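To keep things clear, I will list the structure first and then write my remarks on it.
The values are calculated or read from the model by the stated rules, or taken from the named source; none is laboratory data. Keep in mind it's a predicted model, so treat the numbers as computed, not measured. Using ideal geometry, Cβ is built from the backbone for each residue, glycine included, and neighbour counts are taken over all protein chains shown.
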């Protein structure tokens, strides 16, 4: 009689252990917060920025990556589309949207700046001040 009872007991124990394992797994997954990168203090609309006079857009929402920027990103105060990027996909030196944040403020009446060259020319003439803000660096791929 021991033969037929033993398989049932073993099956019953396996089911109980599987149930306990599933319960523990679900409990752990529910208790662990999801990993998500912090977001910077701004979110882009559909159109993100200017690149050499043209418009580019974002692919995903930006994620904060303080002090990690590689490519120049300028925020020009007073412009409706405030972002200006120094490189874009297909350009030499584009690093996939790892942006080095620069704040651009006007010293004269503002005008539209749509390229890195225009910002640097305005800075050289004293029309704008450009301030590097590494704690605002972020990751956000762009496309045309």
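Laid out as a table, the results:
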item	result
Criterion violated by residue 48 - all others in (1) assigned to a loop (DSSP other than H, G, I, E, B); (2) at pLDDT below 90; (3) in contact with a strand residue (DSSP E or B) (Cβ under 6 Å, 6 or more places away or on another chain) satisfied	(1)
Residue 125 being assigned by TED's automatic domain parsing to the domain that holds residue 58, more than 15 Å from the chain's Cα centre (by Cα) and surrounded by 12 or more Cβ atoms within 10 Å (Cβ to Cβ)	no
Hey, residue 78 on the phi > 0 side of the Ramachandran plot, part of a loop (DSSP other than H, G, I, E, B) and modelled with pLDDT of 50 or more or not	yes
Condition check for residue 130: at pLDDT 95 or above, more than 14 Å from residue 51 (Cβ to Cβ) and in contact with a helix residue (DSSP H, G or I) (Cβ under 6 Å, 6 or more places away or on another chain)	yes
Options 86, 54: the member that is surrounded by 16 or more Cβ atoms within 10 Å (Cβ to Cβ), at pLDDT 95 or above, within 23 Å of residue 127 (Cα to Cα) and assigned by TED's automatic domain parsing to the domain that holds residue 127	86
Test: residue in region 98-106 that is out of contact with any strand residue (DSSP E or B) (no Cβ under 6 Å at 6 or more places or on another chain) and either at pLDDT 95 or above or surrounded by fewer than 18 Cβ atoms within 10 Å (Cβ to Cβ) (or both)	no
